[in-house]
Amino acid sequence: MYASREDIGYDFGDDSKVGSKPVKPNPNIDGGWAWMIVLSSFLVHILIMGSQMALGILNMEWLEEFNQSRGLTAWVSSLSMGITLIVGPFIGLFISMCGCRKTAIIGGILNALGWILSAYASNVHYLFLTFGVTAGIGSGMVYLPAVVMVGQYFQKRRALAQGLSTTGTGFGAFLMTALLKYLCIEFGWRNAMFIQGAISLNLCVCGALMRPLSHKDIVSEKYIVRSNSEDNQAKVLSHSAETIKSNGVLSEEPEKKEAATNEEVLDSVQHIEIGGKSRSGRNMYGLRILKTVSQLTVTVRKGFAIWYSSYFGAASLFTNRVFVAFIIWALFAYSSFVIPFIHLPEIVKQYNLSSQNNIFPLTSIIAIVHIFGKVILGIISDLPCISTWNVFLMANFTLVTCILTLPLMQTYVSLAVVCALIGFSSGYFSLMPVVTEDLVGTKHLANAYGIIICANGISALFGPPFAGWIYDITHKYDFSFYISGLLYMVGIIFLLIQPCIQKKQPREKSTEEAQV
């Protein structure tokens, strides 16, 4: 009854048995149904991340409707974006118990409910609960499974697959900006949110497409991974993955003991049910309920044990120093990308560039170039002679430079150039799952990536309100970009320092052994 280990990306078996003999590659790995998973993830990114990137349109409507400060109103958008990502570690628990498919379907219903209820908002605080919290949690329950499933179905072309699926963010930002703008003009923002809620029900269809891999598929996948050389990966990332693997996840014997205990509980319930056939129908009904509760308890215990071991057990992800640096980077990075999307419409209005921006919005420029950035960076990262880690760092340096120079641009052409560079360099988002998987391994991807997007969520949660608060004080957005850019640079420095430390440690150890 419990979700399969294959569905949640974990493995507890003896790896040596897998690599003992060749296994015929399964067509669903790097092909076949894997491309349907990419399509599902692509649509999820359009409906969730794309619509969130278009919230600048609704933000202006809320400012006019409720007549609140920019800092307070910006909390609605930032809550939705932030909670979508912050709930990542807890969604990992749902995935462990229910699997990716059920989690995504439930999340689609919750997201649509949040949009529809927001159409009846009477004040900003009402939107905090309905749009920020309800829709945000629903978005998180769909977003994480969409990313994890692509990582499970692809090995040889992971970066390209993640790049293609996450281009939905760019397409979505472009399409949803135009759609929400049209709906707000024709029907008003309340009806626009109601219609968007109906559209969001398509997330349930996307979740239904997330078919879990069978045990046979996983065995084939593991053999393929072992047969391929990992020389193309950076030494730092390989060392980090070995750090996690050396600690282990859960020993096989305790798991078998727990499984045996659970089977005994279920068997005892079954015997009671058989012995009670002669009793009344009411007693039989009670026994069936008891059996269902017992099975549900087994499922919850199983999922919680897997989830807990990854975060707090012997195989804690936080023992990986490069992964911890990656988390620190994520705490500062995402706000630098979110702030322009939320506040660019206001900045354009300040510079009296509304007429030019109405012809071709700057946010649409970011969205369109963002699509090409994800695909191109994904293709480059998959080249044998290129390190994904180096491509990831170069894109980050380009983005932080653009964020720091954006306040200096006050013409439409210069702003368009900087926005195009922001869109292309932010394509590194497609590399984040790949880098995470290289750091911790495939079986830890769901929980590890959940932590990363949680850190991103914290950044997205406080970034836009902080920018609005700075504007309320200084009546300029310049300092918001400068401060967020500098914090972003601090995160990049952490990424650069930790790999150097990781490289030095083996050398120091070998020197000590030579002296002994």
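Before we move on, is residue 66 more than 19 Å from the chain's Cα centre (by Cα), surrounded by 17 or more Cβ atoms within 10 Å (Cβ to Cβ) and modelled with pLDDT of 85 or more?
When the stated conditions are applied, residue 66 passes them.
Among the residues of the range 449-470, how many are at pLDDT 80 or above and of a type in the set (A, V, I, L, M)?
Going through the range 449-470 one residue at a time, the tally reaches 4.
Test residue 147 against the criterion of being closer than 24 Å to residue 332 by Cβ and either in the same structural domain as residue 455 (by the TED database) or open to solvent by 10 Å² or more (accessible area, probe 1.4 Å) (or both), and give yes or no.
no
Would you mind finding the one in 332, 326, 318 that is in the same structural domain as residue 450 (by the TED database) and modelled with pLDDT under 80?
318
Could you go through the range 186-193 and let me know if any residue there is crowded, with 24+ Cβ neighbours inside 10 Å and outside any loop (DSSP other than H, G, I, E, B).
Yes; the residues of the range 186-193 include at least one that is crowded, with 24+ Cβ neighbours inside 10 Å and outside any loop (DSSP other than H, G, I, E, B).
Residues checked against (1) modelled with pLDDT of 90 or more; (2) touching a Gly at 6+ places or on another chain (Cβ under 6 Å):
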residue: 111; (1), (2): yes, yes
residue: 117; (1), (2): yes, no
residue: 133; (1), (2): yes, no
residue: 141; (1), (2): yes, yes
residue: 144; (1), (2): no, yes
residue: 151; (1), (2): no, no
residue: 162; (1), (2): no, no
residue: 168; (1), (2): no, no
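With the condition being open to solvent by 60 Å² or more (accessible area, probe 1.4 Å) and among the hydroxyl-bearing types (Ser, Thr, Tyr), I'd like the helices (runs of 4 or more DSSP H) fully within the range 353-436 carrying at least 1 qualifying residues.
Of the helices (runs of 4 or more DSSP H) lying wholly inside the range 353-436, those with at least 1 residues that are open to solvent by 60 Å² or more (accessible area, probe 1.4 Å) and among the hydroxyl-bearing types (Ser, Thr, Tyr) span 354-359, 388-405.
Determine whether residue 88 is closer than 17 Å to residue 142 by Cα and either open to solvent by 10 Å² or more (accessible area, probe 1.4 Å) or not polar (S, T, N, Q) (or both).
So residue 88 passes the test.
Every residue in the range 86-115 that is basic (Lys, Arg) and out of contact with any Leu (no Cβ under 9 Å at 6 or more places or on another chain), please.
102
Please give the number of the condition residue 84 fails out of (1) over 13 Å from residue 52 (Cα atoms); (2) part of a helix (DSSP H, G or I).
(1)
Given the options 95, 83, name the one that is at pLDDT 85 or above and under 24 Å from residue 208 (Cα atoms).
It is 83.
Would you say residue 445 is assigned to a helix (DSSP H, G or I), among the aliphatic types (A, V, I, L, M) and modelled with pLDDT under 80?
Criteria met by residue 445.
Cβ-Cβ distance below 9 Å, separation of 6 or more or different chains: which pairs start in the range 441-463 with a residue that is at positive phi and end on one that is buried (at least 24 other Cβ atoms within 10 Å of the Cβ)?
Taking only residues 6 or more apart or on different chains, the pairs are 441/448.
The values are calculated or read from the model by the stated rules, or taken from the named source; none is laboratory data. It should be emphasised that the depicted structure is a prediction, and the values quoted were computed from it without experimental measurement. Glycine also receives a Cβ, built like all others from the backbone with ideal geometry; neighbour counts cover every protein chain displayed. When the accessible area is computed, the model is the full protein with side chains, heavy atoms only, and any ligands, DNA or RNA have been set aside. Shrake-Rupley method; radii C 1.70, N 1.55, O 1.52, S 1.80 Å.
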